[in-house]
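Novice: Below you'll find the structure I mean.
Just so it is clear, none of the values below were taken in a lab; they were calculated from the coordinates. No experiment lies behind these values; they were computed from the predicted model shown. All Cβ positions, glycine included, derive from the backbone under ideal geometry; neighbour counts span all protein chains shown.
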Amino acid sequence: MRAQRVLSLVLAAAFGSSLAGAQTRTSKTLDIYVIDVEGGNSTLFVAPSGESLLIDTGNAGAAAARDAGRIVDAI
């Protein structure tokens, strides 16, 4: 009977410590950046895994170089 009680206490302590460890983990988030380019926006998505996706339809006008610089700065 005593061995069962000790085993129960050990299991409870192990389970409790695993829960405490799970609660202290920080989870990463999906980050979304909207980049101001004249006449529209570019959107940069950064996944929790670190992968990224940039959506920009482009600007063929005179401001194309300036807008590209803003996007590179944001990245």
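Novice: Per residue of the stretch 60-66, in order, report the coupling 6.51 cos²θ - 1.76 cosθ + 1.60 (Karplus, θ = phi - 60°) as ³J(HN,Hα) in whole Hz, putting x for Gly and Pro.
Specialist: Result, rounded to whole Hz: 8, x, 5, 8, 4, 5, 5.
Novice: Shifting gears a bit: Mind putting a number on the dipole of the stretch 31-74 about its Cα centre? Charges go on the C-beta only, +1 for Lys and Arg and -1 for Asp and Glu, and I need it in Debye to the nearest 20.
Specialist: 100 debye
Novice: Once fully extended, how much extra length lies between GLU38 and LEU54, figured as 0.36 nm per residue of separation less the alpha-carbon to alpha-carbon distance?
Specialist: 4.1 nm
Novice: Modelling each spin label as a point 7 Å along the Cα-to-Cβ direction, I'd like the ASP73/LEU30 distance in nm, to one decimal.
Specialist: If labels sit at ASP73 and LEU30, their model points lie 2.8 nm apart.
Novice: Here's another thing I want to ask about it. Using a 10 Å cut-off around each Cβ, can you sort LEU53, LEU44 from fewest to most neighbouring Cβ atoms?
Specialist: LEU53, LEU44
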